[in-house]
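Below: one structure, written as structure tokens.
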Amino acid sequence: MNDGLPVAEGGPRRRARFSKLQAWLGILLSLVCLAWLISTTEWAGVWSALTQVDYWLVVAATLLNLASVLLRTARWRLMFRTHRVPSFGRLTAALLVGQAVNVLAPARLGDLARATLAGTGATAYTLGTLMVEIALDLLMLVALVVLLLSQATLPAWWQGSGQALVVTSAVALAAVMALVVGRRWMARALERLAAQWHHPSVRRVLAVAGQLLLSLDILGRPAQLLPALAWSMLIWILYGAVNYILLGAVGERPSVLVAFFLLAVLQLGVAVPSSPGRIGVFHYLCVQALAVFGISGPTALSYAVILHLISVVVPMTLGAALAWRLGVQMWSASPATEET
């Protein structure tokens, strides 16, 4: 009987060790990127470039980025078909807190905080809606990468990464669609298992699995899926618009190709381990992406600094302030008041 205990405890220990390893690897990569930026940058030129920025355009880009948060909230609300739909304000707060926790803490603890703070009373179902959200964003990223690969001549290092993303994402999306197609059959199978197994722990696991399946329902209903896809397209257009406007802000000629190539590179870069706040890695990827189009040196780094402030620091600060107000511990993602 006791032979199973070490196995049960080993899982959390292994996950904790992996999270720590990932965190230290992220810090190391960030330090390497920062060292490279420090050693190759003319900092007087960066300061000069920052003083010449059109900050009215920066304000416009910041407002557009904050507008994308509201659009993401609107899309998220579409996914609560079978449960009480939380208020728009509550979901916006949960989204910002979750985003802040994900930026500051390892292991995507922000997703758990976000699902809990949504206040639906069904955390597993809400986590499932986040899976749907990831699938929609992955679809948008794949569409963008395919468009870039087909319409522009890009460096070999990026083409390889883009092609790998398309292949792996196609497999992942196919798996999600298989779950969507078979969700009703699997739900009935879970009900039969629940009728046969009366142990509380087993029933809880089966109930969680059932809620996760139920959350995928939107992907099988065109009336709900099409609006979610429309919101997703608008969200990604806003992301690209932020990059586009900032090109003008730093004195470069705005380019749709540059803006959306940078968006694709930074989205792919989310998978790269980084320090809390994405300091270093974000700036390095931004500089490398801009260099493809001849934007380099102080201009590229000043652009990276401003974009990091707009897309990472401002939402993270808002999320941290909301977390403090709601009593959420940022590093453990546990709210002061537990939701059931």
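Say whether the condition of being outside any helix (DSSP H, G or I) and either in contact (Cβ under 8 Å) with a residue 12 or more places away in the chain or closer than 25 Å to Leu212 by Cβ (or both) is met by at least one residue in the range 160-169. Scanning the range 160-169, I find no residue that is outside any helix (DSSP H, G or I) and either in contact (Cβ under 8 Å) with a residue 12 or more places away in the chain or closer than 25 Å to Leu212 by Cβ (or both), so the answer is no. Only one of these is of a type outside the set (S, T, N, Q), out of contact with any Leu (no Cβ under 6 Å at 6 or more places or on another chain) and buried (at least 22 other Cβ atoms within 10 Å of the Cβ): Leu95, Leu130. Name it. Just one listed residue meets the conditions, Leu95. State yes or no: is Ala74 under 30 Å from Glu252 (Cβ atoms), touching a residue at least 24 places away in the same chain (Cβ under 8 Å) and surrounded by 14 or more Cβ atoms within 10 Å (Cβ to Cβ)? For Ala74, the condition - under 30 Å from Glu252 (Cβ atoms), touching a residue at least 24 places away in the same chain (Cβ under 8 Å) and surrounded by 14 or more Cβ atoms within 10 Å (Cβ to Cβ) - is not met. Condition check: in contact with a Lys or Arg (Cβ under 7 Å, 6 or more places away or on another chain) and not small (Gly, Ala, Ser). Does Val145 satisfy that? Considered against the rule, which asks whether it is in contact with a Lys or Arg (Cβ under 7 Å, 6 or more places away or on another chain) and not small (Gly, Ala, Ser), Val145 comes out as no.
The residue list Ala300, Ala249 contains one member that is buried (at least 21 other Cβ atoms within 10 Å of the Cβ), within 24 Å of Gln52 (Cβ to Cβ), of a type in the set (A, V, I, L, M) and without any contact (Cβ under 8 Å) to a residue 40 or more places away in the chain, which is Ala300. Taking the criterion of being without any contact (Cβ under 8 Å) to a residue 60 or more places away in the chain, surrounded by fewer than 23 Cβ atoms within 10 Å (Cβ to Cβ) and among the hydrophobic types (A, V, I, L, M, F, W, C), would at least one residue in the range 272-282 satisfy it? No, there is no match, as no residue in the range 272-282 is without any contact (Cβ under 8 Å) to a residue 60 or more places away in the chain, surrounded by fewer than 23 Cβ atoms within 10 Å (Cβ to Cβ) and among the hydrophobic types (A, V, I, L, M, F, W, C). Looking at the range 59-78, can you tell me whether even one residue there is within 25 Å of Tyr125 (Cβ to Cβ) and assigned to a loop (DSSP other than H, G, I, E, B)? Checking the range 59-78: at least one residue is within 25 Å of Tyr125 (Cβ to Cβ) and assigned to a loop (DSSP other than H, G, I, E, B). Scanning the range 206-254 for residues that are farther than 17 Å from Arg75 by Cβ and among the polar types (S, T, N, Q) turns up Gln211, Asn243. What's the number of the condition Thr299 fails, among (1) modelled with pLDDT of 95 or more; (2) touching an Asp or Glu at 6+ places or on another chain (Cβ under 8 Å); (3) not small (Gly, Ala, Ser)? It is condition (1) that Thr299 fails.
For the criterion of being under 21 Å from the mean Cα position of the chain (by Cα), modelled with pLDDT under 95, surrounded by fewer than 16 Cβ atoms within 10 Å (Cβ to Cβ) and more than 30 Å from Ala187 (Cα to Cα), Val265 fails.
The set of residues in the range 85-106 that are in contact (Cβ under 8 Å) with a residue 24 or more places away in the chain, assigned to a loop (DSSP other than H, G, I, E, B) and within 12 Å of Thr126 (Cβ to Cβ) contains only Pro86. Looking across the range 268-280, the residues that are modelled with pLDDT under 80 and not in a helix (DSSP H, G or I) come down to Val270, Ala271, Val272, Pro273, Ser274, Ser275.
If you scan the range 175-234, which residues turn out to be part of a loop (DSSP other than H, G, I, E, B) and under 26 Å from the mean Cα position of the chain (by Cα)? Arg221 - this is the single residue of the range 175-234 that is part of a loop (DSSP other than H, G, I, E, B) and under 26 Å from the mean Cα position of the chain (by Cα).
Would you pick out the residues in the range 1-39 that are surrounded by fewer than 13 Cβ atoms within 10 Å (Cβ to Cβ), at pLDDT below 75, part of a helix (DSSP H, G or I) and not small (Gly, Ala, Ser)? Hits for the range 1-39 are Leu5, Pro6, Val7, Glu9, Pro12, Arg13, Arg14, Arg15, Arg17, Phe18, Lys20, Leu21. Within the range 107-128, the set of residues being among the basic types (Lys, Arg) and outside any helix (DSSP H, G or I) comprises just one member, Arg108.
Residues being surrounded by fewer than 16 Cβ atoms within 10 Å (Cβ to Cβ), touching a helix residue (DSSP H, G or I) at 6+ places or on another chain (Cβ under 9 Å) and modelled with pLDDT under 85 are represented in the range 99-115 by at least one member.
Of Val101, Val85, all but one fail to be within 13 Å of the chain's Cα centre (by Cα) and β-branched (Val, Ile, Thr); the exception is Val101.
The values are calculated or read from the model by the stated rules, or taken from the named source; none is laboratory data. Given the structure is predicted, the values throughout are model-derived calculations rather than measurements. Reconstructed Cβ throughout: ideal geometry from the backbone, glycine too, with neighbour counts over all protein chains shown.
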